[in-house]
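The values are calculated or read from the model by the stated rules, or taken from the named source; none is laboratory data. None of the values given here were measured: they were computed from a predicted structure. Counting neighbours? That spans all protein chains shown, and the Cβs are built from the backbone with ideal geometry, glycine included.
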Ligand SMILES: NC(=O)c1ccc[n+]([C@@H]2O[C@H](COP(=O)([O-])OP(=O)(O)OC[C@H]3O[C@@H](n4cnc5c(N)ncnc54)[C@H](O)[C@@H]3O)[C@@H](O)[C@H]2O)c1
Ligand SMILES: [Zn+2]
């Protein structure tokens, strides 16, 4: 993995991170104005392609026309498929109709699917690309902060099942990721904050210095200051790229990216994966719980937990189970049941990512259910 500066846009310096995966390596570019230059950037990689752009209604409203203009000015023919926004679009039904539409657009093996949207569109369009004609290439143009720092990088694609989230899918790496900072100006602040929780995660799992930098620079990031936002996205993407290059299919270190997610997924499942609780909000609470749990187990100091909680609070993110709408109905049994259904269960053992300190998390399978039960009982009694 390497991070460099290039100048594909006259007068600007663009950050470039390479995701090193042999012949499936690709670049992540981070800058403002990338959407307007998407045509040039794509035609350099794949001259003479045809594209289908997959997007959602919210994103299309602001960002589809500039992308289409950029493609046509580089003589790249494109058609757009605009889907309803929201997690419901990450379904088998939506996948099936998307693949049929892509076929009706005559997207061939050498053509491209472009995912223009948040994680929902990226996961769905990427999965569609992976199965269309046994695999066509795709480009990620992530438009939410969460998608820019997390879901667009690493090649996990898929849809949800009645049995749970992301249970149907494939590893399919994009050939290019364009993180255009300008698109974030139209993102709702609550969605931006939810994406920020994933940014903080990178500091907590492996990079104390980054966490300290975030403590000082969060206001600038929230104000979309270009330099600070670039640093936050670049550091997050570099760390993800590094981890993915070491462990593409999550047999080891990639699991660290799930800090706070075992708790978080249980909350999302109990609240129905919707507006009540966004993914980033769920893992904000989940990460605080992971610190509190580590604290209870005696492997992490309370002062670390306090720092993490204070940062999420300052970032206007939820930190307690009681912050979740409907939390008074939760029982530890319900939560543990949901945690067991999470895909991070291996041969019956729940896999936990637990911090030893800020910047150092470890993967553990040593947690007994009674210990977890006692901890959750304590937390639920407080709320
Ligand atoms: N593949 C992975 O590695 C990975 C990692 C993390 C999360 N995910 C998945 O990502 C999804 C969540 O992603 P998300 O938070 O981006 O959700 P999302 O795609 O639903 O986007 C959130 C909302 O913001 C809107 N939006 C997006 N960009 C916008 C913009 N620039 N302007 C205005 N509105 C905009 C969308 O229309 C939607 O309403 C989940 O399905 C999750 O499972 C995947
Ligand atoms: Zn996440």
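Here are the numbers:
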quantity: Qualifying residue in region 205-224 (condition: within 16 Å of ligand 2 (Cβ to nearest atom) and touching a residue at least 12 places away in the same chain (Cβ under 8 Å)); calculated: yes
quantity: Answer residue from region 175-209, given it is touching a helix residue (DSSP H, G or I) at 6+ places or on another chain (Cβ under 7 Å), within 25 Å of residue 137 (Cβ to Cβ) and not in a helix (DSSP H, G or I) and is nearest to ligand 1 (Cβ to nearest atom) among those; calculated: 180
quantity: Qualifying residue in region 110-127 (condition: without any contact (Cβ under 8 Å) to a residue 60 or more places away in the chain, touching a strand residue (DSSP E or B) at 6+ places or on another chain (Cβ under 9 Å), more than 11 Å from ligand 1 (Cβ to nearest atom) and closer than 28 Å to residue 239 by Cβ); calculated: no
quantity: Some residue of region 229-240 being surrounded by fewer than 16 Cβ atoms within 10 Å (Cβ to Cβ) and either away from ligand 1 (no atom under 16 Å from the Cβ) or at pLDDT 95 or above (or both); calculated: no
quantity: Lone unmet requirement of (1) modelled with pLDDT of 95 or more; (2) within 16 Å of ligand 2 (Cβ to nearest atom); (3) under 21 Å from residue 247 (Cα atoms); (4) surrounded by 23 or more Cβ atoms within 10 Å (Cβ to Cβ) for residue 145; calculated: (3)
quantity: Meets criteria (within 7 Å of ligand 1 (Cβ to nearest atom) and in the same structural domain as residue 107 (by TED's automatic domain parsing)) for residue 135; calculated: no
quantity: Output for region 259-288, where each listed residue is within 17 Å of residue 308 (Cα to Cα) and more than 10 Å from ligand 1 (Cβ to nearest atom); calculated: 259, 260, 263, 264, 281, 282, 284, 285, 286, 287, 288
